[in-house]
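Accompanying notes for the structure given below.
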Amino acid sequence: MSYEYIHSDVDLLKQKPLRTDYVMKLVEEAELKPIAIRVDNATGQLLFYFDKPLSREEKEKLDKLVEELFREWK
């Protein structure tokens with residue numbers, strides 16, 4: 001199962017790219033266990049891959065984490 005998020009400021013990501021290892025660290029600290037994470041700074045895409053769909057609570061936790069990450073990254 002994958003979950004996609006789009007950062008609205010692609011120009012910012014070209015200047016200050018998100019790093020996959022940093023995002024993975026944040027997700028693991030939130031006690032979520034993705035199989036993989038893909039960051040595409042050219043398109044602003046952030047994809048999380050899990051072996052099964054997240055529960056409602058887990059999805060809300062991921063949404064909040066990404067929202068905070070995007071806010072912090074400005």
Expected output for segment 10-39 (first residue without any contact (Cβ under 8 Å) to a residue 24 or more places away in the chain, partner part of a loop (DSSP other than H, G, I, E, B) and of a type in the set (D, E, K, R), Cβ below 7 Å, 6+ apart or cross-chain) is Ile35/Asp51
Please enumerate the residues belonging to segment 34-64 that are over 13 Å from Tyr3 (Cα atoms), out of contact with any strand residue (DSSP E or B) (no Cβ under 6 Å at 6 or more places or on another chain) and in a loop (DSSP other than H, G, I, E, B).
Asn41, Ala42, Thr43
Test: residue in segment 7-25 that is of a type in the set (A, V, I, L, M, F, W, C) and part of a strand (DSSP E or B)
no
Just wondering, is there one or more residues in segment 65-74 that are of a type in the set (Val, Ile, Thr), in contact with a strand residue (DSSP E or B) (Cβ under 7 Å, 6 or more places away or on another chain), crowded, with 16+ Cβ neighbours inside 10 Å and not in a strand (DSSP E or B)?
yes
Filtering segment 1-49 down to residues that are among the aromatic types (Phe, Trp, Tyr) and within 15 Å of Trp73 (Cα to Cα), which residue is surrounded by the fewest Cβ atoms within 10 Å (Cβ to Cβ)?
Tyr22
What are the pairs, 6+ residues apart or on separate chains, where a residue within segment 50-73 that is under 26 Å from Asp9 (Cα atoms) has its Cβ under 7 Å from a residue that is loosely packed, with under 10 Cβ neighbours inside 10 Å and at pLDDT 95 or above?
none
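The values are calculated or read from the model by the stated rules, or taken from the named source; none is laboratory data. Fair warning: this is a prediction, and the values are worked out from it, not measured in the lab. So basically every Cβ, Gly included, is an ideal-geometry build from the backbone, and we count neighbours across all protein chains shown.
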